[in-house]
C-alpha cells in the first residue's frame, strides 16, 4: 500500500494526538476527561475520536484503556489481574463497617451520618468516616436543612475510579444484591379426611 493510501489513523497529526493522549493518561493522577485532552490537542482534533483510537490500539494488551469516573485511565487487563495479585502489593482492605457505610453512602447519597446509622442499624464511629475520607472515597456534600444542620456525605470521583465505574449508574442494582433465601419446603400435610356423606 502506498503512503497516499495509508489509513487516516496513520497520519502524523493523529499519531501525534495519540502519543499526547497516551502520555497525559499515563502521567495523570486520575482519569483523564476528553475535555482535559482537548485543551492540549490542535484545533479541529476530536478528543473523543483520539481516545477511541487509543482504546482500540490498547485492546487485548496487558494494559488497556478503560473508561472510568467520567474519564479514561490505563488499567490492567481483567484477565491478568488475578495473576498479578501474587506479586503486586494490594492495599489493605477497608474494615467491614467502612465498606457497609461506603455502600450506604453510594446508594443513598447525599446522606447524613444519622441516616447511615439508621440504615446500618449500628452506630458509626468517627474513625470509620475518617478512614473513608483519607482514602478519598467520600466527601462532604453540604449540610441538611434540619436542626443541627448535619453534614451530607457523598462519593467522590476516586470512589468511581477505585471500583472501575464510569458513573453511579454502573453500581449494581440493589435488587441484584439481595440474596435469595432458600425456599423451605412446607411440611407434608396429611391428606384431608374424607367426610362421610
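How many residues are at pLDDT 60 or above, farther than 29 Å from residue 33 by Cα and not in a helix (DSSP H, G or I) when one looks only at the range 152-197? So that I can check it myself, show each step before the final result.
Let us first name the residues in the range 152-197 that are at pLDDT 60 or above, namely 152-178.
Filter once more, so that each one left must be farther than 29 Å from residue 33 by Cα: 175-178.
From what is left, the residues that are not in a helix (DSSP H, G or I) are 178.
Number of matching residues: 1.
Can you tell me which condition residue 51 does not meet? The list is (1) surrounded by 14 or more Cβ atoms within 10 Å (Cβ to Cβ); (2) more than 20 Å from the chain's Cα centre (by Cα), and all the others hold.
With (1) surrounded by 14 or more Cβ atoms within 10 Å (Cβ to Cβ); (2) more than 20 Å from the chain's Cα centre (by Cα) applied to residue 51, the lone miss is (2).
In the set 171, 132, which member is surrounded by 13 or more Cβ atoms within 10 Å (Cβ to Cβ) and closer than 19 Å to residue 75 by Cβ?
171
For residues in the range 122-151 being assigned to a loop (DSSP other than H, G, I, E, B) and closer than 20 Å to residue 30 by Cα, which is nearest to the chain's Cα centre (by Cα)?
137
Given the condition assigned to a helix (DSSP H, G or I), surrounded by 12 or more Cβ atoms within 10 Å (Cβ to Cβ), touching a residue at least 40 places away in the same chain (Cβ under 8 Å) and not assigned by TED's automatic domain parsing to the domain that holds residue 54, answer yes or no: does some residue in the range 107-115 qualify? Explain how you work it out, then say what you get.
Step one: filter the range 107-115 for residues assigned to a helix (DSSP H, G or I), giving 107-108, 113-115.
Checking the rest, the ones that are also surrounded by 12 or more Cβ atoms within 10 Å (Cβ to Cβ) come to 107-108, 113-115.
Remaining after also requiring touching a residue at least 40 places away in the same chain (Cβ under 8 Å): 107, 113.
Restricting the remaining residues to those that are not assigned by TED's automatic domain parsing to the domain that holds residue 54 gives 107, 113.
Checked the range 107-115: at least one residue is assigned to a helix (DSSP H, G or I), surrounded by 12 or more Cβ atoms within 10 Å (Cβ to Cβ), touching a residue at least 40 places away in the same chain (Cβ under 8 Å) and not assigned by TED's automatic domain parsing to the domain that holds residue 54.
Can we say residue 70 is outside the structural domain of residue 147 (by TED's automatic domain parsing), farther than 19 Å from residue 23 by Cα and either within 16 Å of the chain's Cα centre (by Cα) or without any contact (Cβ under 8 Å) to a residue 24 or more places away in the chain (or both)?
no
The values are calculated or read from the model by the stated rules, or taken from the named source; none is laboratory data. All values reported here derive from a predicted model rather than from experimental measurement. Positions of Cβ are backbone-derived with ideal geometry, glycine not excepted, and every protein chain shown enters the neighbour counts.
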